[in-house]
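Heads up: the structure comes next, in structure tokens.
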Amino acid sequence: MPLIAPFVTEVHFSSGVLSAPGYVIQRNLSDMANMYADSDEAARILAEDGDRLIYEVQGVDLPAEEGQLPHCTTRITPGRIGAEFHMTKGHYHARREQGEVYFGLTGRGWLVMQTETGESSVQDMVAGSAAYVPPYWAHRTVNVGDEDFVFFSVWEARAGHDYGTIERDGFRVLVVMRDGQPAVVDNPKYG
Ligand code: S6P
Ligand code: ZN
């Protein structure tokens with residue numbers, strides 16, 4: 001394994017901007033329109049309002065080798081597609097036995113997790129929340145507030161990302177606005 005020199009990255013809490021990002025990824029509605037339950041509403045927004053930014057990830061570049069600890073910020077914009085709040089795509093780690101830590105920096109989000117053996121969990125995150133994603137849990141974050149939701153993540157470099165399982169099956173639950181409040185409801189299209 002190459003010896004990496006220690007370094008510090010400055011993190012801007014309210015924007016997620018890093019002082020020296022190794023990569024920046026933007027996910028717009030068109031990148032994930034079919035992941036929202038109301039696909040007709042996603043298509044209408046794309047046709048009439050344009051391709052809105054759903055979230056942005058800024059991370060440091062590290063080799064994908066055992067023991068390295070990649071880290072990044074995620075900023076999810078506020079808003080909804082129909083009743084469903086803006087969210088990340090979500091994934092399992094390709095190596096299911098690898099967990100992850102999230103730390104809330106700004107705003108309010110719900111961390112939706114599930115296992116392949118039927119368990120589900122939704123955790124509330126605000127600035128200062130350290131959330132643990134244990135091994136074997138798929139994870140997706142949802143902005144349930146009316147400002148950006150920004151958090152910091154750290155995971156093991158060889159965890160890898162399995163997006164395909166979630167793209168195919170979705171999550172068991174959705175986070176929607178119901179009676180003026182965020183709420184967890186069953187996903188009728190799951191599986
Ligand atoms: C990486 C970690 C996060 C997400 C990011 C975007 O293991 O869980 O940094 O990559 O929040 O979500 P997604 O589902 O598009 O990777
Ligand atoms: Zn992850």
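Quick check, is THR77 surrounded by 18 or more Cβ atoms within 10 Å (Cβ to Cβ), in contact (Cβ under 8 Å) with a residue 60 or more places away in the chain and either closer than 13 Å to MET125 by Cβ or away from ligand 1 (no atom under 11 Å from the Cβ) (or both)? For THR77, the condition - surrounded by 18 or more Cβ atoms within 10 Å (Cβ to Cβ), in contact (Cβ under 8 Å) with a residue 60 or more places away in the chain and either closer than 13 Å to MET125 by Cβ or away from ligand 1 (no atom under 11 Å from the Cβ) (or both) - is not met. Among the conditions (1) away from ligand 1 (no atom under 11 Å from the Cβ); (2) on the phi < 0 side of the Ramachandran plot; (3) in contact with a helix residue (DSSP H, G or I) (Cβ under 6 Å, 6 or more places away or on another chain), the only one that ASN143 does not satisfy is (3).
The residues of segment 1-33 that are surrounded by 12 or more Cβ atoms within 10 Å (Cβ to Cβ) and either small (Gly, Ala, Ser) or assigned to a helix (DSSP H, G or I) (or both), listed by number, are SER14, SER15, GLY16, GLY22, LEU29, SER30, ASP31, MET32, ALA33.
Among the residues of segment 134-177, those identified as within 22 Å of GLY67 (Cβ to Cβ) and either among the hydroxyl-bearing types (Ser, Thr, Tyr) or modelled with pLDDT under 95 (or both) are TYR136, SER153. From the list THR74, THR106, the one residue that fits, being within 16 Å of ligand 2 (Cβ to nearest atom) and β-branched (Val, Ile, Thr), is THR74. For segment 90-101, a residue qualifies if it is more than 9 Å from ligand 2 (Cβ to nearest atom) and either assigned to a strand (DSSP E or B) or charged (D, E, K, R) (or both), and the qualifying residues are ARG95, ARG96, GLU97, VAL101. Scanning segment 61-85 for residues that are within 22 Å of ASP162 (Cβ to Cβ) and not in a strand (DSSP E or B) yields ASP61, LEU62, PRO63, ALA64, GLU65, GLU66, GLY67, GLN68, LEU69, PRO70.
Where residues in segment 146-191 are away from ligand 1 (no atom under 16 Å from the Cβ) and within 27 Å of PRO21 (Cα to Cα), which of them is most open to solvent (accessible area, probe 1.4 Å)? Ranking the qualifying residues of segment 146-191, first place goes to ASP146. For segment 36-54, the candidate set comprises residues that are small (Gly, Ala, Ser) and open to solvent by less than 50 Å² (accessible area, probe 1.4 Å); within that set, the residue that is farthest from MET177 (Cα to Cα) is GLY50.
Does VAL173 qualify as being within 15 Å of ALA138 (Cα to Cα) and of a type outside the set (S, T, N, Q)?
yes
The values are calculated or read from the model by the stated rules, or taken from the named source; none is laboratory data. Fair warning: this is a prediction, and the values are worked out from it, not measured in the lab. Here the Cβ is made from the backbone with ideal geometry for all residues, glycine too, and neighbour counts use every protein chain on show. Side chains are part of the model used for accessible areas, which takes the heavy atoms of the whole protein and leaves out ligands, DNA and RNA. Shrake-Rupley method; radii C 1.70, N 1.55, O 1.52, S 1.80 Å.
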